[in-house]
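Following: one structure in structure tokens, then a few remarks.
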Amino acid sequence: MLKSKAEILWKYVEDSEPGSGNGYELPGPSHEQFMFDNAQTLLASGGERGSKSHTSAMKCVLVTLDFIARHPEAASGGIAWLVAESYELTRPEFEYIAEWLMTLIPGTKPTNMIDPGSIEVPVPGRKLPFVIKTKSASDPKNLRAEAPVWTMLCEAALVRQDVFFRLLGRSAQIRAQFPGFGQLIMSGTFENSLGWYPTLWTKWQSEAAQKEDHARSHSFPSHENRFIYPGGLDNPELLRAKAMLPEDIWKERHLAVPAPPGGRVFGSFDVTKHVTNVKYDSDLPIYLGVDPGYSGRSSTYAVEVAQKHVLETEHGNQDQWHIIDEIAINKISTPGFTVRDITEMVKNKYWFANEEVIGVIDVGGTQHNNAQESNVEVWQKQLGMYLSYQKVDILPGIDRMKTMLTINPASHEPNMLISPKCRLLISEFGGAPNPFDGQTHVYSYKTDTTGNLVSAKPHDDYCDGIKALTYLFVNKLGYATGRGLRQNIGVRRRRRRITANI
């Protein structure tokens, strides 16, 4: 009978000769902590040559063997997933797992292909094998209909946050049926210390968050891989790299610790707190914040879609805004588009069938460029709705947005929640790569070469989604500093006037 994962691992370690390539050797103490961590959700960041794929793959092997030993009937026909943005990114873990399982369990059969691929693991005394499948996160249909005993998300920082949400949901069934299983194991490398992955790493370093989420994060620094870097931190190559690299890059690439850039306008934004799966409520009005994207290098026409909810607390009712959707067209990557293209996209959105749609636009939306109709005029003609507008000062507008990110002491929730679908908005806050070029573009203050602020006003770049919401919030709530503006109410648009395609 197969033994527990701890017995299997240590037997494997004892049978191996250091440096021989036979058996399995733990690279360092952080790998050992990760290997025997029983948290349901595990996140491992790796430095360069930090052996994250090697160790994460062995973790999956141990969970597989442990499940077969403890639940052979369920293991027969059971499945596990190796997931990445593309099939090719699952290759290292797939090959490690296949090699070790073929050694440990004779009759294990991996496929030659990985796109998709599978590893069939015999279950003693049962007809059906346990099957480990590769999955591509680029196609959401791949992540349905099954309940994996464990899931390994490879190069996790490269996938969208909604993939993480989906995989977490797929783990629930096994967790409920077989306590101690249904693990979600994620490994990746910090590319820029921004986004959901490094944010979760930081969050799960907290003991309170670990208990609440049943999750824990680990780092595999480069210097712990004694096979690659003898002498650890005193290795000459690592000493040379540390001397040459900026501190933040050294931390990311070799210590496997996130180092977010300074100067962000909204440093309080936390993707784990502010981004969640908010949904459309047909009983509530729709509010649109619109920025035509006239200024800055980003040049993006942004429409942010919001609804206002009321939360009941022991201190009374509290408003919470949900940003449920977004339309974003980049003028550089999509040359030749017109305002009418935007209004056509709005018309075809499911939420446009709402009985009440209210919009607010940048005051620049009243301008007539090259003798053409203004944005306000096009929206009114094409959609039958009038967009309110008013001048919004930059710094008070930033203050208003900061209050929307604040955790309300009465509800213990942020005043604003954002759907993962709002990729432009999230990227501008610093929670994800830019959706148009995949690079990091965050709404930031002007800084010098050492990272010190040199101006109280930020760069007027990569803030189109943020500005669109700021116009809406200032219009409906006033300035947070007390210099409130009269709330302009947009003209209501009834569904009988415009037919929307849902």
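Just a few scattered comments:
- Built amide H within the under 5 Å cut-off of Ile358, gap 5+: Ile286, Tyr287, Leu288
- Among the chymotrypsin sites (Phe, Trp or Tyr not before Pro) found in region 299-401, those both in a DSSP coil and sparsely packed, with 16 or fewer other Cβ atoms within 10 Å of their Cβ, are Phe337.
- Residues whose amide H comes within less than 5 Å of that of Asn408, counting only those at least five positions distant or on another chain, are Glu413, Asn415 (H built at 1.01 Å from N in the peptide plane).
- Rounded, prolate or oblate (a/c below 1.5 giving rounded, otherwise prolate when a/b exceeds b/c) for region 173-295 by Cα gyration tensor: oblate
- Cα gyration tensor shape of region 142-213, rounded if a/c is under 1.5, else prolate or oblate by comparing a/b with b/c: oblate
- Scaled radius of gyration (Cα, divided by 2.2 N^0.38 Å) that the chain gives: 1.11
- Per residue value of the accessible surface for region 43-132 (all protein chains in place, 1.4 Å probe), Å²: 40
- Rounded to the nearest 20, the size of the Cβ-charge dipole of the chain about its Cα centre is 1400 debye, with Lys and Arg at +1 and Asp and Glu at -1.
- Estimated Rh, region 30-186: Kirkwood, alpha-carbon pairs, angstrom: 15.4
- Alpha carbon centroid spacing (whole Å) that separates region 127-175 from region 206-278: 25
- Principal-axis tilt of helix 52-70 within the chain, Cα atoms, nearest 10 degrees: 70
- Karplus-derived 3J(HN,Hα) values for region 330-347, using 6.51 cos²θ - 1.76 cosθ + 1.60 with θ = phi - 60°, are 8, 6, 7, 7, 10, x, x, 6, 10, 4, 5, 4, 5, 5, 5, 5, 4, 4 Hz; glycine and proline are entered as x.
- For the chain, with +1 on Lys and Arg beta carbons and -1 on Asp and Glu, the positive-most of Leu425, Ala328, Thr111 along the dipole: Ala328
- Label sites at Ala456 and Lys141, each approximated as a point 7 angstrom past Cα along Cα to Cβ, lie 5.6 nm apart.
- Divide the volume of the convex hull around the Cα atoms of region 321-388 by the residue count and you get 114 Å³ per residue.
- Using alpha-carbon coordinates, inclination of helix 5-15 to the longest axis of the chain, degrees: 50
- Inter-label distance, Thr313 to Asp115: 5.1 nm, where each label sits 7 Å from its Cα along the C-beta direction.
- Percent of Cα-Cα distances greater than 23 Å, calculated over region 27-114: 26
- Heavy-atom accessible surface of region 62-195: percent carbon and sulfur, 1.4 Å: 52
- Here the Karplus relation 6.51 cos²θ - 1.76 cosθ + 1.60, evaluated at θ = phi - 60°, turns the backbone of region 288-294 into coupling constants of 10, x, 10, 10, x, x, 6 Hz, with x for every Gly and Pro.
- Distant-in-sequence amide H partners of Val83 (H built 1.01 Å from N, under 5 Å): Lys135, Met152, Leu153, Cys154
- Using the 1.4 Å probe convention, the accessible area of region 271-339 works out to 44 Å² per residue with neighbouring protein chains retained.
- Phi-derived couplings, Karplus 6.51 cos²θ - 1.76 cosθ + 1.60 at θ = phi - 60°, listed residue by residue for region 350-363: 4, 6, 6, 6, 4, 5, 9, 10, 10, x, 9, 10, 4, 4 Hz, with x used for Gly and Pro.
- Those trypsin sites (Lys or Arg not before Pro) in region 377-449 that DSSP places in a loop and that have at most 14 other beta carbons within 10 Å: Lys391
The values are calculated or read from the model by the stated rules, or taken from the named source; none is laboratory data. Predicted model only: the values in this text are computed from it and were never measured. Glycine gets a Cβ as well: all are built from the backbone with ideal geometry, and neighbour counts include every protein chain shown. These accessible areas exclude ligands, DNA and RNA; they are computed on the full protein's heavy atoms, side chains included. Shrake-Rupley method; radii C 1.70, N 1.55, O 1.52, S 1.80 Å.
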